[in-house]
Amino acid sequence: EKGGYEHYMRKEIHEQPEALRQTLAGRLDVDAGNVDLDVSFPPGFLADLEEIRIVACGTSYYAGRYAAQLFEELAGVRASVEIASEYEFGAGRTPDRTLVVAVTQSGETADTLGAIRRAKDAGARTFAVTNTLGSTVTREVDGTAFIRAGPEIGVAATKTFASQVATLAMLAVAVGRDRGALAASDARSVLEDLQGLPGAVQQVLDEEPQVREAAQAYQDSEAFFFVGRALGVPVALEGALKLKEISYDHAEGFAAGELKHGPLALVTPDTPVLAVLTDRSRGRETMNNVTEAQTRGAPALGCVSEDTEYDTLDVSFDVPDVGTVEPLVANVYLQLFAYHVANEKGRSIDKPRNLAKSVTVE
Ligand code: F6R
């Protein structure tokens, strides 16, 4: 049932092009620059919206951090993301002009359900982005968009992260169009990027031997640092989470600009830096920070837009140009890197120690 793969995680990484096709199927009207997610809000609600607050945990929280940037850019609405277990509605906010969006693969995460209940108690409108039909969250919120990634067995979330970001990107376009904040031509270009996503992810998957080689070369490092800017930040954080979860190695993600404000003290020739260096995530500025780490002897691996080159990188992975979702494509390299490091070490990849697929306690 693993379809010839030795682990569900690797199977699910490779299922991403198909999962993304399902996520997008029948939802895009590229010519008109419109999205149909089959969700409806009360008349005038989106136009009057003051803010979107995303609540989520773990990988879903990083999908939320990616999405918050898209909501601000495409939907022209203030957007924030909070770790669900830390979420409080807060004084001075306006519940009837707030949309609280739970991002949860399982739809059963207790922390996320708790946050949604606090939002409802405060009087906010709630929404869920989930993979699971009939899950608890769908019964608690005012509206749901399904990510349609198909079942994910590996404890480490992979294809569901990609499908979450793609679904949230569509939602950002839908909200932006409804609010009149996004021109049809700008929407069209984002939707074309989304359409290109499955093919772009496939191109990265075809580079797996190169990633495996890099994993073998660096697997014995003392720690791994992941950096990026803008949309590259959530991807760096997700890359670090994936690696620590399944390899049990120390990995940390940072906003690249923060390296010099502390973490640089940890950098040695034994701590590779993996960087998201795509053009649309401020790759050039990020590269400046990577160079600071290289000066301290750290090896540097980068995910780089295919039309760009940084000669000083020790390893460079090509990322196809798909605009706003380019960093999401770069993430596939980080998934493969985590997988191969863990596989070389013989870890229990599909069921890492101490972790469960669905966390139903707060
Ligand atoms: C990481 C991972 C977890 C989940 C988190 C939220 O690979 O799988 O961090 O993302 O437990 O789970 P859901 O999305 O089901 O709410």
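The numbers here are math on the coordinates, done by the rules we state, and not lab data. Just so it is clear, the model here is predicted, and its values are computed rather than measured. Using ideal geometry, Cβ is built from the backbone for each residue, glycine included, and neighbour counts are taken over all protein chains shown.
Take the Cα radius of gyration of the stretch 3-155 and divide it by 2.2 N^0.38 Å, N being the number of residues; the result is 1.08. So what does the Cα-only Debye profile of the stretch 288-362 read at q = 0.17 Å⁻¹, as log10 I(q)/I(0), no solvent term? So the normalised log intensities work out to -0.85.
Remark: 9, 287 ranked as 287, 9, counting other beta-carbon atoms within 10 Å and listing the fewest first.
Got the relative contact order for the stretch 263-362 handy, in percent, Cα pairs under 8 Å and 6 or more residues apart? Provide the component values of the computation, followed by the final result.
Details: 113 pairs, mean separation 22.1, N = 100.
Relative contact order, the stretch 263-362: 22 percent.
Dividing the summed -39500 (n - 2.57) terms of all DSSP H runs of n ≥ 4 by the residue count of the chain sets its mean residue ellipticity at 222 nm at -13500 deg cm²/dmol.
Qualifying GluC sites (Glu not before Pro) in the stretch 272-311, where qualification requires a DSSP coil assignment and no more than 14 other C-beta atoms within 10 Å, comprise 309. Shown for 270, 178: other C-beta atoms within 10 Å of each C-beta, ranked fewest to most, produce the order 270, 178. Placing unit charges on the Cβ atoms of the charged side chains and taking the dipole of the chain about its Cα centre, the candidate lying farthest along the positive direction among 199, 43, 287 is 43.
The Cβ shell under 12 Å around residue 260 holds other residues with a net charge of -1, Lys and Arg each +1, Asp and Glu each -1. Comparing 315, 325, 273 along the charge dipole axis of the stretch 267-362, the residue lying farthest to the positive side is 273, per the Cβ-charge model. Building the convex hull from the alpha-carbon atoms of the stretch 143-281 and averaging its projection over directions returns 10.8 nm².
FRET efficiency for the pair residue 179 and residue 207, taken as 1/(1 + (r/R0)^6) with r the Cβ-Cβ distance and R0 = 56 Å, rounds to 0.90.
Taking all Cα pairs closer than 8 Å and separated by 6 or more residues, the relative contact order of the chain comes to 19 percent. The chain: D in µm²/s via Stokes-Einstein (Kirkwood Rh, Cα pairs, 20 °C, 1.002 mPa s)? It comes out at roughly 105 µm²/s. Rounded to the nearest 20, the size of the Cβ-charge dipole of the stretch 273-345 about its Cα centre is 360 debye, with Lys and Arg at +1 and Asp and Glu at -1. Per-residue Karplus couplings for the stretch 331-346, computed as 6.51 cos²θ - 1.76 cosθ + 1.60 with θ equal to phi - 60°, are listed in order as 4, 5, 4, 5, 4, 5, 5, 4, 4, 6, 4, 5, 5, 4, 8, x Hz, Gly and Pro entered as x. Evaluate E = 1/(1 + (r/R0)^6) for residue 354 and residue 122, where r is the Cβ-Cβ distance and R0 equals 30 Å; express this FRET efficiency to the nearest 0.05. Taking R0 as 30 Å, the efficiency between residue 354 and residue 122 is 0.35.
The distance separating the Cα centre of the stretch 313-342 from that of the stretch 200-229 comes to 7 Å.
What whole-number distance in Å separates the alpha-carbon centres of the stretch 58-75 and the stretch 79-131? Going from one Cα centre to the other spans 14 Å. Among 360, 138, a tally of other beta-carbon atoms within 10 Å of each Cβ gives an order, fewest to most, of 360, 138. Considering only beta bridges that DSSP places wholly inside the stretch 1-149, some 10 percent are antiparallel.
For the stretch 57-121, what does the convex hull of the Cα positions come to per residue, in cubic angstrom?
Details: hull volume 5.5 nm³, N = 65.
Taking the convex hull of the Cα positions in the stretch 57-121, it is 84 Å³ per residue.
State the antiparallel share, in %, of DSSP beta bridges confined to the chain, rounding to the nearest 5. Antiparallel bridges make up about 5 percent of those DSSP assigns within the chain. Scaled against 2.2 N^0.38 Å for its residue count N, the alpha carbon radius of gyration of the stretch 108-200 is 1.24.
Sparse packing (at most 15 other Cβ atoms within 10 Å of the Cβ) combined with a DSSP loop state is found for the following GluC sites (Glu not before Pro) in the stretch 196-267: 207, 222. Two-decimal Rg/Rh of the stretch 213-299 from alpha-carbon positions, Kirkwood Rh? Taking Rg over the Kirkwood Rh, I get 0.94.
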